[in-house]
Amino acid sequence: MSEETGGAPFRVPAEFVRYAVALEPAEVACGYVSGWVSAKDAVRLAFLRRCDLRELAGEFDGIAALDPSAPELGVLCRRLADGCADAGRVWAHLAVSWACSRPDGQRDRLLGRLGAGVVRPVLDFDGGVPRPSAAGRAEFLVGRAASGRGMNWRSGSALLGTDRPEEVDAAFDRGEDLVGVAVIGLALQHPDAEAVLPRVARALGSADEGLRHQARVALAHVARLHGTVDRRCLELLRSHPRGNEADDDLWAYVPHRLLPWWLWRHHLRERLAWHLRERWRG
């Protein structure tokens, strides 16, 4: 049988899991065996973690290499899950987090399906509104990012796949040499510009010219993919040399009414110079 059902009361989508935690192999396996994720999503999560870690991927390789319909997937996942009695804790955190992200009525139904024994240890309240425990996020995402366990920080290829902002924050704090590559990766991979732009701003304000250049490339990607920018990035970009990648893509992809006067002046001057050259040649 290729598809384990386990005892989970509902499934947690892989696209939610990938941003919420940095999973270990036994945790992916436990999620599948327990029924929190489908076979397809278990293989996808393992593949994404394999991309995070590259040559350090270890047992993620074994899961990612299997077809979701292969009987070997269940065998491998049961073996990995049996080897880590603590692997289920992350799924309690993820299940509550997923439930709390839903609209009120659906949220309450999902929390009710989980039961008090699962919900109470991993639920906080903010003004009476249920929230997933901050301790779970600190342990399963921020703590793993801070220790460097979330990504392979020696692989530029892996870092271009970065999609968790907390990984980039932790890399800045640790002083990682390739943090600029990760900022570019975040700009390419993360679907929410509001999560990307503060990390781009941190790099734009660096004293390291190499990192400043990578920040401009990242900002250009945000402009091209999302058509937006924030005030802080514009303030920092003003001190950079004009005519850079970010200048051009901001002008090309962001509504001009959102752009500052100094960028207007630069591009209008460039356009006037171009028209004069063309007229001279004509």
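The values are calculated or read from the model by the stated rules, or taken from the named source; none is laboratory data. These numbers come from a predicted model, not from an experiment. Note: ideal-geometry Cβ built from the backbone for every residue, glycine included; neighbour counts use all protein chains shown.
Of a type in the set (G, A, S), crowded, with 19+ Cβ neighbours inside 10 Å, on the phi < 0 side of the Ramachandran plot and not in a loop (DSSP other than H, G, I, E, B), is that true of A170? In short, yes.
Taking the stretch 108-136 as the range and being in contact with a Ser or Thr (Cβ under 8 Å, 6 or more places away or on another chain), crowded, with 16+ Cβ neighbours inside 10 Å and assigned to a helix (DSSP H, G or I) as the test, the residues that pass are V122, G136.
Listed by first and then second residue, the pairs with beta-carbon distance under 8 Å, at least 6 apart or on different chains, first residue in the stretch 128-139 and among the polar types (S, T, N, Q), second at pLDDT below 85, are S133/D124. In summary, G105 fulfils each of the numbered conditions (1) over 18 Å from V12 (Cβ atoms); (2) touching a helix residue (DSSP H, G or I) at 6+ places or on another chain (Cβ under 8 Å) with the single exception of condition (2). Scanning the stretch 40-62 for residues that are out of contact with any Lys or Arg (no Cβ under 8 Å at 6 or more places or on another chain), of a type in the set (G, A, S) and surrounded by fewer than 21 Cβ atoms within 10 Å (Cβ to Cβ) yields a count of 2.
Scanning the stretch 187-204 for residues that are part of a helix (DSSP H, G or I) and charged (D, E, K, R) yields E194, R199, R202. Within the stretch 198-222, residues that are more than 14 Å from A187 (Cα to Cα) have Cβ atoms under 6 Å from residues that are of a type in the set (A, V, I, L, M) and surrounded by 24 or more Cβ atoms within 10 Å (Cβ to Cβ) in these pairs: L211/A203, counting only partners at least 6 apart in sequence or on another chain. The residues on offer are V37, V12, and the sole one that is free of Cβ contacts under 8 Å to residues at least 60 places away in the same chain and either surrounded by 19 or more Cβ atoms within 10 Å (Cβ to Cβ) or not aromatic (F, W, Y) (or both) is V37.
When L94 is tested against (1) surrounded by fewer than 20 Cβ atoms within 10 Å (Cβ to Cβ); (2) within 27 Å of R131 (Cα to Cα), only condition (1) is not met.
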